[in-house]
1. Test each condition in (1) in contact with a helix residue (DSSP H, G or I) (Cβ under 9 Å, 6 or more places away or on another chain); (2) crowded, with 21+ Cβ neighbours inside 10 Å for residue 46 and report the one that comes out false.
2. For the range 133-163, which residues satisfy the criterion of being over 24 Å from residue 78 (Cβ atoms) and either in contact with a Gly (Cβ under 8 Å, 6 or more places away or on another chain) or open to solvent by less than 40 Å² (accessible area, probe 1.4 Å) (or both)?
3. Answer yes or no as to whether residue 30 is modelled with pLDDT of 95 or more and closer than 17 Å to residue 149 by Cβ.
4. Run residue 32 past the list (1) within 30 Å of residue 174 (Cβ to Cβ); (2) assigned to a strand (DSSP E or B) and report the number of the one that doesn't hold.
5. Hey, can you tell me all the residues within the range 118-131 that are farther than 16 Å from residue 81 by Cα and surrounded by fewer than 20 Cβ atoms within 10 Å (Cβ to Cβ)?
6. Collect the residues in the range 84-117 that are open to solvent by less than 60 Å² (accessible area, probe 1.4 Å), part of a loop (DSSP other than H, G, I, E, B) and touching a residue at least 24 places away in the same chain (Cβ under 8 Å), keeping them in residue-number order.
7. Return the only residue of 188, 202 being modelled with pLDDT under 95, of a type in the set (S, T, N, Q) and outside any strand (DSSP E or B).
8. Could you check the range 47-63 and list, in sequence order, the residues that are under 13 Å from the mean Cα position of the chain (by Cα) and in contact (Cβ under 8 Å) with a residue 60 or more places away in the chain?
Amino acid sequence: MPDVDFTAIGEYERYKLMASLIVPRPIAFVTTVDPQGVVNAAPFSMFCMLGEEPPLVLISLNRSGPDERRDTARNIDSSGEFVVHMVDEGLAEAADRCGERLPHGVSELEAVGLATDPSRVVAPPTIRDAPVAFECVLHEKIDTTSREIFLGRIVSLHTRDDLIDTEAWRVRLADYAPVARFGASFYTTTRDRFTLRGAPATADADEL
């Protein structure tokens, strides 16, 4: 089994190994608004849930260059608000296209033809075709050499009408088909599912 000394390889090599081995990763399709009112939308797969009290999600944005920042990062710094949408099979192609570079001030949503609705609490809009939208306010920011990391506190949740049973507080997983990033330009679906019958019924999900 090969051993790789992470202190002996460069940033690019570390990224390629980590991004292709720590998979699959859910995709955060993030909307923000710039000071001129232009809506920006971009997908990020360095994304995860951090906890429920407070309800936090994390998105990690790479710096385009030493003096370059992503519009999403600028907009969150400016407004302190963003919306994280989950990407399902029907939204995957449009979300991927929103990752392309467009001139500053051009809305990706208009470029790909995605409609929006006003969010309930925050200024950035909700993408109408997304199955799930978490409205977030900035909780904390972490700056590293290569990344701007934003912790968002969820203040409101919007889902498709058929997705949640709000009496039992359960998600109808059979009706939920998110996609995930699988390294490089590869994506994967979540339709091939299984249960482990040997797992104790009371096991905490964090332990699995």
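The values are calculated or read from the model by the stated rules, or taken from the named source; none is laboratory data. Remember, it's a predicted structure, so these values are computed and weren't measured experimentally. A quick note on method: Cβ atoms are made from the backbone with ideal geometry, for glycine too, and the neighbour counts reach across all protein chains shown. To get the accessible areas, we keep the full protein, side chains included, count just its heavy atoms, and leave off ligands, DNA and RNA. Shrake-Rupley method; radii C 1.70, N 1.55, O 1.52, S 1.80 Å.
1. The number of the failed condition is (2).
2. Selection gives 159, 163.
3. Yes.
4. It is condition (1) that residue 32 fails.
5. Selection gives 128, 129.
6. Scanning the range 84-117 gives 87, 91, 98, 99, 105, 107, 114.
7. Among 188, 202, only 202 is modelled with pLDDT under 95, of a type in the set (S, T, N, Q) and outside any strand (DSSP E or B).
8. Within the range 47-63, 50, 56, 57, 58, 59, 60, 61 meet the criteria.
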